[in-house]
Amino acid sequence: MSEILNKLSGQGVAIWLDDISRERLRSGNLEQLIREKNVVGVTSNPTIFAGALSKGDAYDVQLHDLAIRGVNVDEAVRAITAYDIRWACDVLRPVFDATGGVDGRVSLEVDPRLAHESEKTVAEARALWWMVDRPNLFIKIPATLEGLPAITQAISEGISVNVTLIFSLERYRAVMDAWLAGLEAAQAKGLNLATIESVASFFVSRVDTEIDKRLDKAGKPELKGKAGVANARLAYAAYEEVMNTERWQRLRSAGARPQRPLWASTGVKNPEYSDTLYVDQLVAPGTVNTMPEKTLDSTADHADITGDTIRPFYEDAWNTMAALKEAGVDYDDVVKVLEEEGVQKFAASWNELLESVTKNLVP
């Protein structure tokens with residue numbers, strides 16, 4: 001095992017892999033990453049599945065069987081993705097058991113085309129929860145305005161949720177409120193709160209990508225590469241505030257678990273930045289960092305893990321955000337654009353996945 005990854009885990013950061021494929025499962029690579037790279041969870045998204053299906057022959061037999069049965073393309077995609085997620089859940093089950101259900105989690109996203117339809121999102125979440133039928137599953141629901149009531153409803157029914165596509169601090173607070181409301185409703189139904197887990201996926205590198213473009217136009221290159229980390233650090237501050245409320249303490253006393261902040265989009269897009277920027281600078285207890293394999297390897301090799309790099313830097317984060325505002329960066333517009341693009345990109349990947357399956361649904 002990597003000494004650096006051990007140090008990162010020792011700081012209270014759960015290391016998850018931001019990737020899945022049937023080839024990775026079939027080859028035993030996921031078990032290897034659990035043994036050797038401290039991986040204790042897996043996230044997936046439509047882009048990851050579209051990429052997995054475009055490579056190799058791992059899906060050929062199932063695609064052939066689905067074609068023989070005359071399954072339509074939407075149900076075929078659900079069957080294919082649920083198969084991989086169920087398998088990954090089983091691989092990670094020992095981690096789930098060893099951590100009392102905190103880690104060992106695998107995420108499966110609802111159809112992103114439903115991002116602005118609350119009722120359909122809930123129906124899809126229920127269907128996927130039933131199809132995979134594993135206690136260490138997370139259903140990913142986007143943090144759109146329409147996604148918020150879906151988050152509350154799913155959690156109220158005992159479905160563990162990974163809230164995805166969070167960019168703004170205001171929306172993150174709304175996500176935490178939706179999660180708490182779901183737990184309160186679950187408690188009123190008599191459900192066991194200890195079995196309902198949740199994480200909130202706060203996106204990092206995409207914030208820098210969008211804001212850096214605007215800083216170039218504004219002639220303020222000295223501020224580039226700082227917004228993503230500052231935004232995430234302030235998200236952790238918001239998380240700490242909620243963890244100190246009487247509302248949360250009541251739920252915690254009833255057995256509820258915290259909704260951990262999860263740093264997503266941690267692959268560095270700008271080659272001028274350190275390739276472990278969004279790992280080194282976002283270390284704090286009770287967080288998850290989900291990494292593409294390339295970032296995981298870089299972290300294992302040369303990340304600089306020096307302790308808590310979030311809580312001592314709240315003032316720096318606020319100063320960075322103030323400097324960005326002074327430079328003319330419209331934060332509200334940035335996060336609005338990023339949410340819209342995020343939904344569109346995942347929907348495009350979903351359509352790509354549908355097209356790929358359609359081509360391969362040949363008896």
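The values are calculated or read from the model by the stated rules, or taken from the named source; none is laboratory data. Since we're looking at a predicted model, the values are computed, not measured. Glycine gets a Cβ as well: all are built from the backbone with ideal geometry, and neighbour counts include every protein chain shown. Side chains included, ligands, DNA and RNA excluded: accessible areas come from the protein's heavy atoms. Shrake-Rupley method; radii C 1.70, N 1.55, O 1.52, S 1.80 Å.
Work out the P(r) tail for the range 16-140: percent of alpha carbon pairs separated by more than 20 Å, whole number.
44 percent
At q = 0.11, 0.13, 0.25, 0.27 Å⁻¹, what is the log10 ratio I(q)/I(0) for the range 1-78, with the Debye formula run over Cα points and no solvent?
-0.41, -0.53, -1.17, -1.25
Residues with amide H under 5 Å of residue 105's amide H, sequence separation 5 or more or different chain, H placed in the peptide plane at 1.01 Å from N; which?
42
R0 = 35 Å: FRET efficiency of residue 217 with residue 274, Cβ-based, nearest 0.05? Display every interim value, and only then the final one.
On the way: r = 24 Å, r/R0 = 0.70.
After rounding, the FRET efficiency stands at 0.90.
Going by alpha carbons, how many degrees (0 to 90, nearest 10) lie between the helix axis of 169-188 and the longest principal axis of the chain?
50 degrees
For the range 14-25, in order, what is each residue's ³J(HN,Hα) by Karplus, 6.51 cos²θ - 1.76 cosθ + 1.60 with θ = phi - 60°, in whole Hz (x at glycine and Pro)?
7, 9, 10, 8, 8, 5, 7, 7, 5, 5, 4, 6
Kirkwood Rh over Cα pairs of the range 293-363 into Stokes-Einstein at 25 °C, 0.890 mPa s: D in µm²/s?
The calculation lands on 146 µm²/s.
How much length, in nm to one decimal, is gained on full extension between residue 359 and residue 97, taken as 0.36 nm per residue of separation minus their Cα-Cα distance?
Contour length minus the Cα-Cα distance gives 90.3 nm.
Calculate, axis by axis, the spread of Cα positions in the range 209-363 along the three principal axes, and write the results as whole Å, longest axis first.
So the extents along the principal axes, rounded to whole Å, are 58, 52, 36.
In terms of the ratio Rg/(2.2 N^0.38 Å) built on C-alpha atoms, what value belongs to the range 200-242?
1.30
Over the chain, average the accessible area per residue using a 1.4 Å probe and give it in Å², no decimals.
41 Å²
Could you sort out which of 120/325; 37/217; 217/336; 55/224 sit more than 29 Å apart by Cα distance in this structure?
Details: 120/325 38 Å; 37/217 40 Å; 217/336 19 Å; 55/224 36 Å.
Those over the limit are 120/325; 37/217; 55/224.
How much of the calculated P(r) for the range 148-298 lies past 22 Å, in percent of all Cα pairs?
44 percent
Report, to the nearest whole %, how much of the accessible area of the range 298-352 belongs to carbon and sulfur atoms, 1.4 Å probe, protein only.
48 percent
Sorted by accessible area with a 1.4 angstrom probe, largest first, how do 224, 140, 325 fall?
The most accessible residue leads, giving 325, 224, 140.
Using θ = phi - 60° and the Karplus curve 6.51 cos²θ - 1.76 cosθ + 1.60, what whole-Hz ³J(HN,Hα) does each residue of the range 120-132 get, with Gly and Pro shown as x?
Using θ = phi - 60°, the values come out as 5, 4, 5, 4, 5, 4, 4, 5, 5, 4, 6, 5, 6 Hz.
Pull up all non-local amide H partners of residue 288: gap of 5 or more, or a different chain, and H-to-H distance under 5 Å with H placed in the peptide plane.
The answer is 14, 262, 263.
Residue 140's amide H: which non-local residues (gap 5+, or another chain) put their own amide H closer than 5 Å, with H modeled 1.01 Å from N in plane and none for Pro or chain starts?
When sequence neighbours closer than 5 places are left aside, the close amide H contacts are 108, 109, 110, 162.
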